[in-house]
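Here is the structure we will look at.
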Amino acid sequence: MTEPKTDNRPAGWTGAKPPPLTHSSLCPVFLAVGWICVGLGFIGAFLPVLPTTVFLIIALWAFSKSSDRLRWWLWTHPRFGKTLREWHLHRVIPPPAKMAAVAMMMFSVAIISVTAGSWQAPTILAAVLAPIAVWIVTRRSAPPLDAGHETGQETT
């Protein structure tokens, strides 16, 4: 993979590289999906009911199939880059994100329980969301201690 000549990597960047770029005849589709997800992620940064990071992870995947420049832009983004790198390299979900996700799931079940006319809908929703909540809670909360060099962080 050739690294783009123009990107926003910090000077002296020695961190991990983003996912490899794969060229495809569907590049325009992947580019559109990436931008849609960046847009949804941007909206989610301001609306608590819409996730941000999930959409940016999808955007990073889509850009890895369509654009070196945009892939590097997300990978090294000052606000979201570290989170994307930690997810990609170590499958890390920070504790505040875990708490927010599980709280929103519980809130959703509570709202459906109050508004549904029967017990079936909230039960089905709880049965679907419970394993997802368990999966989220059981992911790492921080990268391994020896992984600082892989995420672009200095280990001094």
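Things to note:
- Among the residues of the stretch 57-71, just one is in contact (Cβ under 8 Å) with a residue 40 or more places away in the chain and touching a Lys or Arg at 6+ places or on another chain (Cβ under 6 Å), namely Ser64.
- Some residue of the stretch 137-152 being in a helix (DSSP H, G or I) and at pLDDT 95 or above: yes
- Restricting the stretch 19-34 to residues that are in a helix (DSSP H, G or I) and among the β-branched types (Val, Ile, Thr), the residue that is modelled with the highest pLDDT: Val33
- Across the stretch 22-42, the number of residues qualifying as closer than 20 Å to Met99 by Cα and over 14 Å from the mean Cα position of the chain (by Cα) comes to 0.
- Residue match in the stretch 35-45 (condition: within 29 Å of Val134 (Cα to Cα), surrounded by fewer than 16 Cβ atoms within 10 Å (Cβ to Cβ), in contact with a strand residue (DSSP E or B) (Cβ under 7 Å, 6 or more places away or on another chain) and at pLDDT 90 or above): no
- Residue check for Ala16: at pLDDT below 90, part of a loop (DSSP other than H, G, I, E, B) and closer than 29 Å to Asp146 by Cβ: yes
- When the criteria are applied in full, Arg69 fails the requirement of being surrounded by fewer than 16 Cβ atoms within 10 Å (Cβ to Cβ), touching a strand residue (DSSP E or B) at 6+ places or on another chain (Cβ under 8 Å) and more than 16 Å from Gly41 (Cβ to Cβ).
- Matching helices (runs of 4 or more DSSP H) fully within the stretch 37-112 where at least 1 residues are closer than 21 Å to Val137 by Cα: 53-63, 81-90
- Criterion applied to Thr156, Thr76, Thr123, Thr83 was being among the β-branched types (Val, Ile, Thr) and modelled with pLDDT of 95 or more, and the one residue passing it is Thr123.
The values are calculated or read from the model by the stated rules, or taken from the named source; none is laboratory data. The model shown is predicted, which means the values in this text are computed figures rather than measured ones. Note that each Cβ is placed from the backbone with ideal geometry, even for glycine, and that neighbours are counted across all protein chains shown.
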